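Presented below is the structure to which this report refers.
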Amino acid sequence: MAVAEPPIVEIVGLAKSYRRGDQVVPVLQDINLSMTRGEFVALMGPSGSGKSTLLNLIAGIDTPDRGRLAIEGVDITGLSEGELARWRAEHVGFIFQFYNLMPVLSAFENVELPLLLTRLDRRRRREHVQLVLELVGLADRADHYPSQLSGGQQQRVAIARALVSDPTIIVADEPTGDLDRQSAREILDLMESLNERLAKTIIMVTHDHLAAERAHVVRHLDKGVLTDRIERPRARATG
Amino acid sequence: MAWFLARLVLRNCFRHPLRTALTALGIIVAITAFGLLRTTVDAWYAGAEASSASRLVVRNKNSLMFPLPLYYRNRIEQLEGVKSVSYADWFGGIYIDRKNFFPQFAVEPLSYFPMYPEFVVPPEQMKAFQLDRRGAIVGRKTAEKYGWKVGDQIPLIGTVFAGNWSFVLRGIYHGADARTDESQFFFHWDNLNETVKRILPDKANQVGIFLVALEDPSTAPALSKQIDGMFANSRAETLSETEKAFQLSFVAMTEAILLVIQVVSFLIIVIIMAVMANTMAMTARERRREYATLKAIGFEDHHVVALIAGESLLISLAGGAIGIWLLYPLAAWVGHRFATIFPIFIVSDRTPLAAAAMAALIGVVAACAPAWRAATLKVADGFRALG
């Protein structure tokens, strides 16, 4: 039973503020959120509502002022920078709005990046990379550099990079924000497919209602506070 | 991981080929200039460096301008630990034109050359020189420069010893090693003394310096004291010192110029360091998002530092290597062009090492600020700052 499953992401009383000069600007206040394995959650809200900040906290690239943030039962708020880096390498896959691929590395090399932090030998890394490139439909573009790929293809490479180390969660910050409608739909299809076929846990920040529709749960943030929760049926037809 | 980082460093270097090329060019020029200036300083000290620890120079205590009586030779020779004594006078003649400068010395032929094995003269030429009172021996460089051959008449116009002088070239010496001055001109002191006897009789039988070869170099300080003590309170008191100290006393006269040259050589390095630091800061700023991405993925601070430091070092060391490579032909050209001023203008073994160390220092210093900023960059800030 899904309800009885322990949460993969568990956030309790999370708060974050930024200092602007002498002023302390609260960004997130008393956030409580729980996600189970294989869940696809979309975070929506107006600009400045704290969506990306919450995503960064969950991904372990920012630290909260207070509260508990546990991923697979591990409270990451107490980890040092080095520990967080190692934790991210193992548990988090990132998909960014602007892809953030290394321009001097080929698609293959970009996807291989997270595996360089593992103990896998070259042959195993090659197998993993080829597998995920096939999964995102770019096996024939492995040697291409980002500048030789379209925006949609670059985002597919980024998705492959996020997947390759088989992370616990995938965080996506406006993954379709820089794409045309057709490419955006393809990327969302791919993410939905990964979630359904591989049971990947995805948390996605988006402004796009069409993108949010692909998620099982849509949470709204307003002025740093989580407001309504909309649940959608899990099984969806793709394409 | 190291292989991957090295590959990324190499590719990053060529992301802006023009920027990298211009920065490397600046380093090439700076390192070559640094090496050339150091070689200039070395050339200044070449005489002192080539001097022997087993030879003393004895001169008039008041000044080199004042001579010493020739009979001092016999008294010095009798001291224990003295192997041989020779003597010499600075001539300072002009060959056709004042700009044709080369050092000229009147020497005692039988004792002088055995004391200086670094001047290699074919035995038959040495014999011919010793037998001809008007004979002269000249260094290879000067002979080549003026196209002199053995048997040629060499006219000189005296300045210290006025008059028209003529010598017959009896030998051409080669240096025993690259550090031997091959520009000097030697002739018989007797030849000089005879003329002095005739035109300035009260200046006859006096020499500029005595050269004392020692049995044991370690006795130099004691023998110097002994010689000077022997002639204390005489009408020509002596100042004895090692050949090196004697040579350095000439260098000391131009110490301010040497200091300026050394300061300029380091200023060049500081300037290129600032240029390189600016380039690296600009480069690192452009790649903040990439560093943030790498750190988000799980790469740690030291990986990012390695990328920046590696790129900085690669550019600076590549530029340094080319600069050092260019230094040799350039120094050879300078040495040839200014042979009159610098008879020995050779890149020393220390110079490329110092230049390489400077190139590495440029790379390290230039990487410090951007590497520190990248290492302390918060991942979220790296993304936030650029959209």
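The values are calculated or read from the model by the stated rules, or taken from the named source; none is laboratory data. What you see is a predicted model; the values in this text were computed from it and never measured. We place every Cβ from the backbone using ideal geometry, glycine too, and count neighbours over all the protein chains shown. For accessibility, only protein heavy atoms count, side chains too; no ligands or nucleic acids. Shrake-Rupley method; radii C 1.70, N 1.55, O 1.52, S 1.80 Å.
Inspect the range B:271-291 for any residue being within 24 Å of the chain's Cα centre (by Cα), away from every other protein chain (no Cβ under 13 Å), surrounded by 17 or more Cβ atoms within 10 Å (Cβ to Cβ) and at pLDDT 95 or above and give the result as yes or no.
No: the range B:271-291 contains no residue that is within 24 Å of the chain's Cα centre (by Cα), away from every other protein chain (no Cβ under 13 Å), surrounded by 17 or more Cβ atoms within 10 Å (Cβ to Cβ) and at pLDDT 95 or above.
What residue, of A:His220, A:His209, is of a type outside the set (A, V, I, L, M, F, W, C) and modelled with pLDDT under 90?
A:His209
Among the numbered conditions (1) farther than 30 Å from A:Leu113 by Cα; (2) in contact (Cβ under 8 Å) with a residue 12 or more places away in the chain; (3) not small (Gly, Ala, Ser), tell me where B:Met253 comes up short.
All conditions pass for B:Met253, except number (2).
Can you tell me which residue in the range B:11-25 is farthest from the other protein chains (Cβ to nearest Cβ), limited to those that are part of a helix (DSSP H, G or I) and out of contact with any helix residue (DSSP H, G or I) (no Cβ under 6 Å at 6 or more places or on another chain)?
Only one residue tops the list, namely B:Leu25.
For (1) touching a residue at least 24 places away in the same chain (Cβ under 8 Å); (2) open to solvent by 20 Å² or more (accessible area, probe 1.4 Å), each residue gets a yes or a no:
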position: B:Gly323; (1), (2): yes, no
position: B:Pro329; (1), (2): no, yes
position: B:His336; (1), (2): no, yes
position: B:Thr340; (1), (2): yes, yes
position: B:Ile344; (1), (2): yes, no
position: B:Pro352; (1), (2): yes, yes
position: B:Ala355; (1), (2): yes, no
position: B:Val379; (1), (2): yes, no
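Select from the range A:163-192 the residues that are part of a helix (DSSP H, G or I) and in contact with a Leu (Cβ under 9 Å, 6 or more places away or on another chain) and write down the one among them that is most open to solvent (accessible area, probe 1.4 Å).
A:Arg181
Quick check on the range A:67-100: of everything there that is open to solvent by 20 Å² or more (accessible area, probe 1.4 Å), hydrophobic (A, V, I, L, M, F, W, C) and more than 10 Å from every other protein chain (Cβ to nearest Cβ), which residue is nearest to B:Ala380 (Cα to Cα)?
The extreme case among them is A:Leu79.
If we scan the range B:171-190, do we find a residue that is small (Gly, Ala, Ser), in contact with a Pro (Cβ under 6 Å, 6 or more places away or on another chain) and in a strand (DSSP E or B)?
Scanning the range B:171-190 turns up no residue that is small (Gly, Ala, Ser), in contact with a Pro (Cβ under 6 Å, 6 or more places away or on another chain) and in a strand (DSSP E or B).
For A:Arg156, only one of the following conditions fails: (1) at negative phi; (2) under 10 Å from the mean Cα position of the chain (by Cα). What is its number?
(2)
Could you grab me the full set of residues in the range B:2-23 that are open to solvent by 20 Å² or more (accessible area, probe 1.4 Å), within 16 Å of B:Leu313 (Cβ to Cβ) and among the aliphatic types (A, V, I, L, M)?
If the condition is that a residue be open to solvent by 20 Å² or more (accessible area, probe 1.4 Å), within 16 Å of B:Leu313 (Cβ to Cβ) and among the aliphatic types (A, V, I, L, M), then B:Ala2, B:Leu5, B:Ala6, B:Leu10 are the ones that fit.
State which residue pairs qualify: first residue in contact (Cβ under 8 Å) with a residue 60 or more places away in the chain and inside the range B:1-24, second residue of a type in the set (Lys, Arg) and surrounded by 13 or more Cβ atoms within 10 Å (Cβ to Cβ) in any location, beta carbons under 9 Å apart, and separation of 6 or more residues or different chains.
Matching pairs, first to second residue: B:Asn12/B:Arg287.
Kindly establish whether B:Ala256 is over 30 Å from B:Glu77 (Cβ atoms), part of a helix (DSSP H, G or I) and at pLDDT 90 or above.
no
Any idea which of (1) closer than 30 Å to B:Asp152 by Cα; (2) open to solvent by less than 10 Å² (accessible area, probe 1.4 Å) is the one B:Ala204 doesn't satisfy?
(2)
Return the residues of the range A:43-70 that are assigned to a strand (DSSP E or B) and either of a type in the set (Lys, Arg) or under 14 Å from A:Asp222 (Cα atoms) (or both); say none if nothing qualifies.
Selection gives A:Leu43, A:Met44, A:Arg66, A:Arg68.
Would the range A:170-180 turn up any residue that is over 30 Å from A:Arg86 (Cβ atoms), at pLDDT below 90, aliphatic (A, V, I, L, M) and touching a Gly at 6+ places or on another chain (Cβ under 8 Å)?
Within the range A:170-180, one or more residues are over 30 Å from A:Arg86 (Cβ atoms), at pLDDT below 90, aliphatic (A, V, I, L, M) and touching a Gly at 6+ places or on another chain (Cβ under 8 Å).
Out of all the residues in the range A:45-66, which are open to solvent by less than 10 Å² (accessible area, probe 1.4 Å) and more than 14 Å from chain B (Cβ to nearest Cβ)?
A:Ser49
So, in the range A:108-143, how many residues would count as being part of a loop (DSSP other than H, G, I, E, B) and open to solvent by 40 Å² or more (accessible area, probe 1.4 Å)?
Total satisfying the criteria: 6.
So which residues in the range A:223-239 are more than 20 Å from the chain's Cα centre (by Cα), modelled with pLDDT of 85 or more and assigned to a loop (DSSP other than H, G, I, E, B)?
A:Lys223
From B:Ser183, B:Ser166, which residue is of a type in the set (Gly, Ala, Ser), open to solvent by less than 20 Å² (accessible area, probe 1.4 Å) and touching a strand residue (DSSP E or B) at 6+ places or on another chain (Cβ under 8 Å)?
B:Ser183
Cβ contacts < 7 Å: first residue facing chain B (nearest Cβ under 7 Å), restricted to the range A:103-119; second residue open to solvent by 20 Å² or more (accessible area, probe 1.4 Å) and not charged (D, E, K, R), any location; separation 6+ or different chain. Result?
As it stands, the answer is A:Pro114/A:Ser165; A:Leu116/B:Met1, since those pairs meet every condition given.
Which of the residues spanning the range B:229-244 are farther than 17 Å from B:Met65 by Cα, touching a residue at least 24 places away in the same chain (Cβ under 8 Å) and open to solvent by 40 Å² or more (accessible area, probe 1.4 Å)?
Within the range B:229-244, B:Met230, B:Thr242, B:Lys244 qualify.
Count, please, the residues in the range B:340-387 that happen to be within 14 Å of chain A (Cβ to nearest Cβ) and not in a helix (DSSP H, G or I).
Adding up the residues that qualify gives 5.
So if I check each of B:Phe66, B:Phe105, B:Phe34, B:Phe101, which one is open to solvent by less than 30 Å² (accessible area, probe 1.4 Å), aromatic (Phe, Trp, Tyr) and away from chain A (no Cβ under 14 Å)?
From the options B:Phe66, B:Phe105, B:Phe34, B:Phe101, the qualifying one is B:Phe34.
Would you confirm whether any residue within the range B:37-55 is of a type outside the set (Val, Ile, Thr), part of a loop (DSSP other than H, G, I, E, B) and open to solvent by less than 10 Å² (accessible area, probe 1.4 Å)?
No, every residue in the range B:37-55 fails to be of a type outside the set (Val, Ile, Thr), part of a loop (DSSP other than H, G, I, E, B) and open to solvent by less than 10 Å² (accessible area, probe 1.4 Å).
Are there any pairs with C-beta distances below 9 angstrom linking a residue in the range A:136-164 that is in contact (Cβ under 8 Å) with a residue 40 or more places away in the chain and within 12 Å of chain B (Cβ to nearest Cβ) to a residue that is open to solvent by 50 Å² or more (accessible area, probe 1.4 Å) and assigned to a helix (DSSP H, G or I), with the two at least 6 apart or on different chains, and if so which?
Correct list of pairs: A:Val164/A:His128; A:Val164/A:Leu131.
Of the residues that sit in the range B:298-310 and are open to solvent by 10 Å² or more (accessible area, probe 1.4 Å) and assigned to a helix (DSSP H, G or I), which one is nearest to the other protein chains (Cβ to nearest Cβ)?
B:Asp301
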